[in-house]
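Student: Take a look at the following structure, please.
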Amino acid sequence: MAKQQPVSTERRLRDELRNIDDAIAESGQSAAIVELDQSSVGRVSRIDALQQQAIAQAAGERLKLRQRKLEAALARLQAGSYSICCDCGGEVERRRLDADPATPFCNECAAEREKP
Ligand SMILES: [Zn+2]
């Protein structure tokens, strides 16, 4: 039997993925409500509604990005390649994984990617 961790990595990933799924469902709903409002309100409110819709869409995109990252981390976990950097193939630091269990890169490669 494998050594039990207080909260397993898989559990953390699955919990967050479930929250994201809920949030995506909610953001889809609020975008639909905005569309409904648009037909029955004046011009200023319509601009507000469009802005709100753009904000909701941007939030939805971020959520979907995070969802893909979490799914990829779960896939790596199942494939046995979790904690191996997707770029250099080295070990991802424990501290990075604790901070974000879905991170696919080691410190060095992540820093490299953040450069403009
Ligand atoms: Zn790396």
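Student: Let me confirm something: among 48, 21, which residue is modelled with pLDDT of 80 or more and out of contact with any helix residue (DSSP H, G or I) (no Cβ under 8 Å at 6 or more places or on another chain)?
Tutor: One residue alone meets the criteria, 48.
Student: Which of (1) within 13 Å of the ligand (Cβ to nearest atom); (2) over 20 Å from residue 11 (Cα atoms); (3) touching a helix residue (DSSP H, G or I) at 6+ places or on another chain (Cβ under 6 Å); (4) not acidic (Asp, Glu) does residue 56 not meet, given it meets every other one?
Tutor: Unmet condition: (1).
Student: Return the pair list, or none, for Cβ contacts closer than 6 Å from residues in segment 83-111 that are farther than 23 Å from residue 14 by Cβ to residues that are surrounded by fewer than 16 Cβ atoms within 10 Å (Cβ to Cβ) and among the charged types (D, E, K, R), at least 6 apart or on different chains.
Tutor: If the second residue must be surrounded by fewer than 16 Cβ atoms within 10 Å (Cβ to Cβ) and among the charged types (D, E, K, R), the pairs left are 109/87.
Student: Exactly one of these conditions fails for residue 114: (1) at pLDDT 95 or above; (2) within 15 Å of the ligand (Cβ to nearest atom). Give me its number.
Tutor: So residue 114 meets the others, but not (1).
Student: Of the conditions (1) at pLDDT 90 or above; (2) more than 16 Å from the ligand (Cβ to nearest atom); (3) among the basic types (Lys, Arg), residue 43 fails just one. Which one is it?
Tutor: Residue 43 satisfies all of (1) at pLDDT 90 or above; (2) more than 16 Å from the ligand (Cβ to nearest atom); (3) among the basic types (Lys, Arg) except (1).
The values are calculated or read from the model by the stated rules, or taken from the named source; none is laboratory data. All values derive from a computational prediction rather than experimental measurement. Positions of Cβ are generated from backbone atoms using ideal geometry, with glycine treated the same way; all protein chains shown enter the neighbour counts.
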